[in-house]
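The structure under discussion appears below in the form of structure tokens.
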Amino acid sequence: MSANALATDLCMSHEERLESMLVRRLGNRVRDLRVLVLPTGLVLQGRADTYHAKQLAQHAAMEISASPILANEIEVL
């Protein structure tokens, strides 16, 4: 990881870091992706063209974070 990437990462909130990692992993399969970090777990929000993309986002979030997924509110269009 470059020094600039590390400095940027340190300035990000936990939610922003998770969103950034998910966007890198998912590409543009999920648009307007938001991750809400609650004391009891994560809520995923955004829009996807397919149910498969919605599930990919959920599984990627489960792999990246140690927190449980409380709700997958990604809307399939």
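The values are calculated or read from the model by the stated rules, or taken from the named source; none is laboratory data. Computed from a predicted structure; not experimentally measured. When we count neighbours, we look across all protein chains shown, and the Cβ atoms used for this are built from the backbone with ideal geometry, even at glycine.
Observations on the model:
- The set of residues from region 11-34 being crowded, with 17+ Cβ neighbours inside 10 Å and part of a loop (DSSP other than H, G, I, E, B) comprises just one member, ARG29.
- Residue in region 45-58 that is in contact (Cβ under 8 Å) with a residue 40 or more places away in the chain and surrounded by 13 or more Cβ atoms within 10 Å (Cβ to Cβ) present: no
- Test result for GLU73, out of contact with any Pro (no Cβ under 8 Å at 6 or more places or on another chain) and at pLDDT below 90: no
- Restricting attention to region 53-77, the residues being assigned to a helix (DSSP H, G or I) and not basic (Lys, Arg) number 11.
- Residue within region 42-52 that is of a type in the set (A, V, I, L, M), within 18 Å of HIS14 (Cα to Cα), more than 12 Å from the chain's Cα centre (by Cα) and in a strand (DSSP E or B) present: no
- Within region 60-77, the set of residues being surrounded by fewer than 15 Cβ atoms within 10 Å (Cβ to Cβ) and either under 10 Å from the mean Cα position of the chain (by Cα) or of a type in the set (A, V, I, L, M) (or both) comprises MET62, ALA66, LEU70, ALA71, VAL76, LEU77.
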